[in-house]
Amino acid sequence: MAKHLSACSSSIAAVKVSPITLKNGGNCFLPSSSIIMPSKLYSSKWVSHILSRFYQTKCLHSEFSNGHPLNDVSLQDGVAANPIVAKNIDSSVGFQSLPLLESVKEEPTLSIIVVGASGDLAKKKIFPALFALYYENFLPEAGRLPNRLYYLSIPPNIFVDVVRCLSHRASSTSGWTRVIVEKPFGRDSDSSRELTRSLKQYLTEDQIFRIDHYLGKELVENLSVLRFSNLVFEPLWSRNYIRNVQFIFSEDFGTEGRGGYFDNYGIIRDIMQNHLLQILALFAMETPVSLEAEDIRNEKVKVLRSMRPLQLQDVVVGQYKGHTKGNKSYSGYTDDPTVPKNSLTPTFAAAALFIDNARWDGVPFLMKAGKALHTRRAEIRVQFRHVPGNLYKKNFGTDLDKATNELVLRVQPDEAIFLKINNKVPGLGMRLDRSDLNLCYSARYRGEIPDAYERLLLDAIEGERRLFIRSDELDAAWSLFTPLLQALEEKKVAPELYPYGSRGPVGSHYLAAKHNVRWGDLSGEDS
């Protein structure tokens, strides 16, 4: 019984489901021509949110293959659910059904199969992204070859079993088959290599799309544009003018609901080894031959292979503790019932990395990532060198850092690019001020910025691999962090405790000072 994808129905089903035998003798069911979505969507908020992004709004009606429409009020497990209605719809306009993701006719088209459809990631990110792409007519219509895209939103310990299953029984025979794999891609170099080796028993490298959603964020995409298409920046992009580069990630909440998962990985594996390191490689790479995926990924691999492996002295780790602020109390990391009381898993880490090549020799690249901090942000901060023989240095006093030019790319929230410059305050005296040349996306661009998952899913459908991670790139990344992770675990290094809602461990300031750096996000300025 096929059913149309509908914003007026909260119950969405798959079509044409075929059994596939697993090695243990049981059956798993994968569709030969379908999109699998959960039978019960947890919230209608994301649908309403997506619908509100468009000037011309339409309502999708749900209809079974026997031609009978569903009621406006659909049922979820026998309970009436409110219909999803887009705001500002003129009721006098007749509603028209939008095209299906796939035609119910037996014509070749695209099938998207989400394995792990009941998980948190699928509900919050994958399905909203698919619906947005569908609604904006970015998904292909019927008439294409029978191509299949699998999204593995599942624990890594069952990746290989699922890939074996789909490779033997659920691959497209005349179109392409691609598989999106979510992190973590192993826990260290050895486990990552073994995972890659196992996947390549059933898939080619070109079929594997290792997703890092931070590479799909608008400001990260704009990083290369900013550098390579603006003459004012490209000549400055080296050790001759840049004093240090900072990659900062902070969340103002703890591991609520994810303590059990997080304790197996920690902040270094969860954020630094993938998200921040990928951004660093994009930032520091040489000019690629072209914008083709392989040319860009080749340059990223060169950067990673030029970097020094991290050692204990290069890193500070921390763990948040309980704290009371005003009338509200916040639990510490080990207060989570899913976390062992004696856990040494870091919820904060700061690190100093170096690239030993001609462009970046001696420039410290500082990373900082943490949970339960004072604010939520992700940004890249480029601090330039002091002006030699600055004629106005007496106007800044002894703290020349106040006169440092700084380029900031705010990845989230409130996407923006701004450049801190020195200028004269209007008046008869000579008083200098530090100001921002500001590009605030919300003020400059009216349209809403697409979610990173929308961009990456569309790229996977189109076979664009530029923002996905290649196996040698993954291997080079793990080679940097594996010695550090092994040392932390073997020596049972105790993380420095910091209060929930603070700026993190004091040790991170000493680490920065050791390299003559001041964290840019601690200046007291919002920007």
Two-site FRET efficiency, ALA513 against HIS374, from Cβ-Cβ distance with R₀ of 22 Å, rounded to 0.05: 0.65
Simple Cβ-charge dipole of region 107-212, Lys/Arg +1 and Asp/Glu -1, about Cα centre, in debye nearest 20: 160
Accessible area of region 347-456 belonging to carbon and sulfur atoms, whole % at 1.4 Å probe: 52
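D for region 107-212, whole µm²/s, Stokes-Einstein with Kirkwood Rh over alpha-carbon pairs at 20 °C and 1.002 mPa s: what number? Can you show the working numbers first?
On the way: Rh = 14.7 Å.
In µm²/s, the coefficient rounds to 146.
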Label-point separation, VAL232 to ASP295 (7 Å along Cα→Cβ), nm: 2.6
With all protein chains modelled, accessible area of ARG385 [1.4 Å, Å²]: 100
Accessible-area order (highest first, 1.4 angstrom probe) of the listed residues SER153, SER331: SER331, SER153
Modelled FRET efficiency - R0 22 Å, VAL506 with GLN313, Cβ distances, 0.05 increments: 0.85
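Are there any chymotrypsin sites (Phe, Trp or Tyr not before Pro) in region 428-473 that are in a DSSP loop and have at most 16 other Cβ atoms within 10 Å? List them by number.
Values: sites: TYR441, TYR445, TYR453, PHE468; in loops: TYR445.
Of the chymotrypsin sites (Phe, Trp or Tyr not before Pro), the ones in loops of region 428-473 whose Cβ has at most 16 other Cβ atoms within 10 Å are TYR445.
What is the Cα convex hull volume of region 184-267 when expressed per residue in Å³? Kindly include the intermediate steps, with their values, before the conclusion.
Numbers: hull volume 16.2 nm³, N = 84.
Convex hull volume per residue, Cα atoms: 193 Å³.
Work through the residues other than LEU480 whose Cβ is under 15 Å from its Cβ and net out their charges, Lys, Arg +1 and Asp, Glu -1.
Values: positive: ARG187, ARG193, ARG269, LYS300, LYS302, ARG305, ARG308; negative: ASP188, ASP190, ASP314, ASP356, ASP472, GLU473, ASP475.
Once positives and negatives cancel, what remains is 0.
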Across LYS492/LYS514; LYS300/LYS371; LYS368/LYS393; LYS394/LYS424; LYS125/LYS183; LYS217/LYS300, pairs whose alpha-carbon gap is larger than 20 Å: LYS492/LYS514; LYS300/LYS371; LYS368/LYS393
FRET efficiency, PHE253 to LYS491 (Cβ-Cβ, R0 30 Å, nearest 0.05): 0.50
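Note down the Stokes-Einstein diffusion coefficient of region 439-527 in µm²/s, whole number, using a Kirkwood radius over alpha carbon pairs, 25 °C, and 0.890 mPa s. Don't skip to the answer; put the middle values down first.
Values: Rh = 18.3 Å.
For these conditions, the coefficient is 134 µm²/s.
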Surface accessible to a 1.4 Å probe, ASP451 within the full protein complex, Å²: 50
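The values are calculated or read from the model by the stated rules, or taken from the named source; none is laboratory data. Source: prediction; values computed, not measured. Backbone-built Cβ (ideal geometry, glycine too); neighbour counts: all protein chains shown. In case anyone asks, the SASA skips ligands and DNA or RNA and just uses the protein heavy atoms, side chains included. Shrake-Rupley method; radii C 1.70, N 1.55, O 1.52, S 1.80 Å.
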